[in-house]
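Colleague: The structure follows.
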Amino acid sequence: MSAVIPTPTADHAHDHAHDHPHGWRRWLYATNHKDIGTLYLWFSFSMFIVGGVLALALRLELFQPGLQFWRPEFFNQLTTMHGVIMVFGAIMPAFVGFANWMIPMQIGAPDMAFARMNNFSFWLLPPAALLIVVSFFVPGGATAAGWTLYAPLTVQMGPGMDLAIFALHIMGASSIMGSINIITTILNMRAPGMTLMKMPMFCWTWLITAYLLIAVMPVLAGAITMTLTDRHFGTSFFNAAGGGDPVMYQHIFWFFGHPEVYIMILPAFGIISQIIPVFARKPLFGYASMVYATASIAILSFIVWAHHMFTTGMPVTGQLFFMYATMLIAIPTGVKVFNWIATMYKGSMTFETPMLFAIGFIFVFTMGGFTGLILAVAPIDIQVQDSYYVVAHFHYVLVAGSLFALFAGAYFWLPKWTGHMYDEKLGKWHFWLSMIFFNVTFFPMHFLGLAGMPRRYADYPMQFADFNMMATIGGFGFGLTQMIFLYVVVKCIKGGPKAAENPWHAADGGLEWTLPSPAPFHTFETPPMVR
Amino acid sequence: MTNTINSRTTLLRAACAGLLTTAAGGAAAIQSRFNLAPPVTQIARDVHWLHNMMLIICGLIFVAVFSVMFYSIWKHRKSKGAVAANWHENTTVEIVWTVIPFIIVIVMALPATRTVVAMKDTSNADLTVKVTGYQWQWGYDYVRGEGEGISFLSKLATPVAQIEGREPRTSTYLLDVTQPLVVPVNKKVRVITTANDVIHAWWVPAFSVKQDAIPGFARDTWFRADKIGTFRGQCAELCGKDHAFMPIAVQVVSAEDYTKWVAGKKKEMAALQDDPLKQWTLPELVARGEKVYQTNCQSCHQANGQGVAGAFPALAGSKVVASKPDQIQILLGGKNLMPSWKALSDVELAAVATYTRNSFGNKSDEVQPTEFKAARK
């Protein structure tokens, strides 16, 4: 395609490097993938703080039995918006930020395929975030129907619900545009010689993730549009009295929702697959099987959605099908974990912060994987569905999974982004405190769920008091620990030891390590040759 | 706070307890602390067994996999002079570690399949109870078997003072109900669930029974409790503001006690039956309505009828309350957060309407049960 045609002379490329607006215009009119990546990352970090504050507010109420701080209706708003903001505002945009920064540099492309659409897909996000924050202040407050927005509870909500629906629509459009951009970039703009099977794992996982996004974001849009018309235009998609079915909402939502959880974890797998070989000083074990495993997980994700719905009362055959299909996912996921460990085996390892987060990821994410396998067993799921066991499970895969991988990736590539080394000592503090407080917060939730505490509860019986107290203490510790990360990043941007071109001495490193640190504004205007 | 039961000692116990520890059942409400509630049905025992099996297999794999990882972290580190190997592929190994998990998964799925089939077999029940989820209470109707025709509502009995911390909390805090579901021991009870407004879920952990209650649809599940006692659970599907405040209690009694209970309950229901033709006076309705208000309306609209600004409208000086047709319509049909109250009887609705029209400074005429009866059509 035309986009790969190299710029004729180096002189010309040099001119381009200064040809961009400065000040606020640089960001508002940004078309450079690195600038847009930076915008995405700061946006997602600020949403992470907002979502985190909501989480701490709800943990505060759960510190002791009884209602001390919030009314239950506000508590439900907190749990709902914590989920919505973390999923759509923090985790997903963070991975898009990484994709923007790294994919062109990893495949040897000058930029993303559609630079202006890239700008638009980012600048859709702040208005969506604004709608979500504003929804707390409209009559009735933000939506309190849970992040899953189950009908018909959504019909009872106030205008905050409509704002959330609009926000999700906008973020969905942004995701779809981002995905189109990523797919086009990866398929058409790879440097000569870089075949698909030579591509870095991060690009592979994002390619697959982008297809998942394009497949399921419209499904979510459909579900929430039906919710909107049920609320305001007298339709009865989810209303039995009008011939609809509330359970149909759940089918549609989870047809989006299950691939969505892989959208949030596959790029994490990619980041981890980049980091482990570098710090083990040994090539990634089973590259091809990693690619196939990622693709299998993505394909399986479309046929397992109803395992979120075992308690709705499905027929026996339905339960068995979704149970078996779900259990199959353990196999490709297991292959990935085995490959990572085989990469470490007989390596020559060092343990800088990115490696610590990567190892921490494997260790804790695997626990979340095992509880996922346990939850796949329908009779067990029926017992612990909608309990804190599920809360523990998805925080083990989303916090210890996606978030830890994001931290690992941030420490790994910060030297390339900023040109400075981050503070290794503080990075290690960040890791160890995050690891400890994460487990103090979420491990006891397994016990709470098994013993019978339902999720989304503003208040609970006395038997759950001690573990809730522990979880709240851990939660505040985890939240405060993240301030270390902010400090380290700001410090690293402002200065620090000069980072080399290839600071981690990645032997078989990607193309990004052939560039100077910090990476110049424009890179690979002349595509490199990949042997 | 003083009312957190032995929080320090239990935290300590929590810290050193293993995964499989089950706390011995102490006080009636504390059914479990670390593990699934002690089972009192065969299905629940099967689920326990399945969970233990899964936990042990997963635990063994976890230990095996991560001992390899920690071994190489220990041995293959640069600081110890380890030199990296360069191999990065081994087809045999890769096939082996794809096939073995596949076999393990099949081994896990086989016994689970048996339990799935058993859980779904709701045929040949001795007693059938319809459970209806309301915002925020449960309705029980005995539709078939001994006790047929019995019908009552069951809601949270824990006083607000305990929730707000003005009174010490009891061991059954948030689990006390006004009336438990009473069932005979060793009899197969089929539970049909449905809901009046939004989705709820009827969950009794000791039975391993959890079934969503879906408005407009009937779903079923079953249990056969083999132990006498009271078993408690809570609503498990987010259903709005008082989701955490609609507990479930099932009292399992002997066959003789059950027969006695049925007789007593039927007598009690006959006594409560209101004469449908009676014309009520305003003071009678207000007196009855105050009770209905306290149990159903007060948690949102507050004891003084002032509501909560921004969330629950005040009834004092309300235009809707002043207009009889509007009020009847909203009570029967609901609006936004206000659920429909059509599950209440005509007399109860007339009473509570009259009460709100003549309290909190409101002054108006009474509403007769016949007016609600007419409006229902």
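Colleague: Translational diffusion coefficient of segment B:23-168 at 37 °C, 0.692 mPa s, Stokes-Einstein with Kirkwood Rh over Cα pairs, in µm²/s as a whole number.
Modeller: 150 µm²/s
Colleague: Provide the convex hull volume over Cα atoms per residue for the protein assembly as shown, in Å³.
Modeller: Hull volume normalised by residue count: 165 Å³.
Colleague: Also, I was wondering about something else. FRET efficiency for A:PHE233 and A:TRP70, Cβ-Cβ distance as r, R0 = 41 Å, nearest 0.05?
Modeller: Taking R0 as 41 Å, the efficiency between A:PHE233 and A:TRP70 is 0.80.
Colleague: Which value results for Rg/Rh of chain B when Rg is the Cα radius of gyration and Rh the Kirkwood radius based on the inverse mean 1/r?
Modeller: Numbers: Rg = 27.4 Å, Rh = 24.8 Å.
Reported Rg/Rh (Cα atoms, Kirkwood Rh): 1.11.
Colleague: Across every pair of different alpha-carbon atoms, what Kirkwood hydrodynamic radius in Å does chain A reach?
Modeller: So the Kirkwood estimate lands at 23.8 Å.
Colleague: So what is the calculated 222 nm ellipticity per residue for chain B, using -39500 (n - 2.57) for each DSSP H run with n of 4 or more, over all residues, to the nearest 500 deg cm²/dmol?
Modeller: For chain B, the value works out to -12500 deg cm²/dmol.
Colleague: In addition: Looking at segment B:181-270 only, what percent of DSSP beta bridges run antiparallel? Nearest 5 please.
Modeller: Values: 16 of 21 bridges.
Taking every DSSP beta bridge within segment B:181-270, about 75 percent pair in antiparallel fashion.
Colleague: Taking amide H positions as placed 1.01 Å from N in the peptide plane, with prolines and chain starts having none, which residues 5 or more places from B:VAL177, or on another chain, fall under 5 Å of its amide H?
Modeller: B:ALA157
Colleague: Can you give the calculated 222 nm mean residue ellipticity of chain A, where each DSSP H run of n ≥ 4 adds -39,500 (n - 2.57) and the sum is split over every residue, rounded to the nearest 500 deg cm²/dmol? Working shown, then result.
Modeller: Values: 20 runs with 341 residues, N = 531.
So the helix-based figure for chain A works out to -21500 deg cm²/dmol.
Colleague: Diagonalise the Cα gyration tensor of segment A:112-159 and give the resulting equivalent ellipsoid semi-axes, square root of 5 times each eigenvalue, largest first, whole Å.
Modeller: They are 30, 14, 6 Å, listed from largest to smallest.
Colleague: Could you derive backbone 3J(HN,Hα) for segment B:201-217 from the dihedral phi with the Karplus parameters 6.51, -1.76 and 1.60 (θ = phi - 60°), listing whole Hz in sequence and x where the residue is Gly or Pro?
Modeller: Using θ = phi - 60°, the values come out as 9, 8, 10, 10, x, 5, 9, 6, 10, 9, 9, 4, 9, 10, x, x, 10 Hz.
Colleague: Restricting to the protein assembly as shown, what percent of DSSP beta bridges are antiparallel, rounded to 5? Mind dumping the intermediate values first?
Modeller: Numbers: 32 of 45 bridges.
Approximately 70 percent, going by the DSSP bridge assignments.
Colleague: Obtain the nm distance between the two label points defined at B:GLU290 and A:ILE303 by a simple spin-label model: each point lies 7 Å from its Cα along the Cα-to-C-beta direction.
Modeller: 6.6 nm
Colleague: From the Cα gyration tensor of segment B:141-232, with a ≥ b ≥ c the square roots of its eigenvalues, which class applies: rounded if a/c is under 1.5, or else prolate if a/b is larger than b/c, or else oblate?
Modeller: prolate
Colleague: If one takes the longest principal axis of the Cα atoms in chain A, at what angle in degrees, from 0 to 90 and to the nearest 10, does the Cα axis of helix A:316-328 lie?
Modeller: The angle comes out near 30 degrees.
Colleague: Taking θ as phi - 60°, what are the ³J(HN,Hα) couplings along segment A:435-449 by the Karplus curve (6.51, -1.76, 1.60), each to the nearest whole Hz, with x for Gly and Pro?
Modeller: Result, ordered by residue: 4, 5, 5, 4, 6, 4, 6, 9, 4, x, 5, 4, 5, 4, x Hz.
Colleague: If you don't mind, another one. Would segment B:286-374 count as rounded, prolate or oblate if I go by the C-alpha gyration tensor, calling it rounded below 1.5 in a/c and otherwise prolate when a/b exceeds b/c, oblate otherwise?
Modeller: On the way: a/c = 1.42, a/b = 1.25, b/c = 1.14.
The shape class here is rounded.
Colleague: While we're looking at this one, here's another question. Whenever you get a sec, compute what percent of the accessible area on chain A sits on carbon and sulfur atoms (1.4 Å probe).
Modeller: Carbon and sulfur: 73 percent of the exposed surface of chain A.
Colleague: Helix B:324-333 against the longest principal axis of chain B: what's the angle in degrees, Cα atoms only, rounded to the nearest 10?
Modeller: It works out to around 30 degrees.
Colleague: Based only on Cα atoms, what mean projected area does the convex hull of segment A:371-413 have, in nm²?
Modeller: Computing the convex hull of the Cα atoms and averaging its projections yields 3.0 nm².
Colleague: Return one number: the angle in degrees, 0 to 90 and rounded to the nearest 10, between the long axis of the Cα atoms of helix A:159-188 and the longest principal axis of the Cα atoms of chain A.
Modeller: Between the helix axis and the principal axis of chain A, the angle is about 30 degrees.
Colleague: Here's something else I'd like to know. Output the direction-averaged projected area (hull surface divided by four) of the convex hull of the alpha-carbon atoms of segment A:218-358, in nm².
Modeller: Approximately 10.9 nm², given one-decimal rounding.
Colleague: Decide, for segment A:233-311, between rounded, prolate and oblate: order the square roots of the alpha carbon gyration tensor eigenvalues as a ≥ b ≥ c, take rounded if a/c falls under 1.5, and otherwise choose prolate if a/b is larger than b/c, else oblate.
Modeller: Here segment A:233-311 falls in the prolate category.
Colleague: Right, another one. For segment B:311-316, take each phi angle, set θ = phi - 60°, evaluate the Karplus expression 6.51 cos²θ - 1.76 cosθ + 1.60, and give the result in whole Hz per residue in order, putting x for glycine and proline.
Modeller: In residue order, the calculated couplings are 10, 10, x, 6, 8, 5 Hz.
Colleague: Indicate, rounded to the nearest 5 percent, the antiparallel portion of the DSSP beta bridges found entirely in chain B.
Modeller: Of the beta bridges lying entirely in chain B, close to 70 percent run antiparallel.
The values are calculated or read from the model by the stated rules, or taken from the named source; none is laboratory data. Since the model is a prediction, treat every value here as computed from it, not as a measurement. FYI the Cβ positions are ideal-geometry reconstructions off the backbone, even for glycines, and counts take in every protein chain you see. In case anyone asks, the SASA skips ligands and DNA or RNA and just uses the protein heavy atoms, side chains included. Shrake-Rupley method; radii C 1.70, N 1.55, O 1.52, S 1.80 Å.
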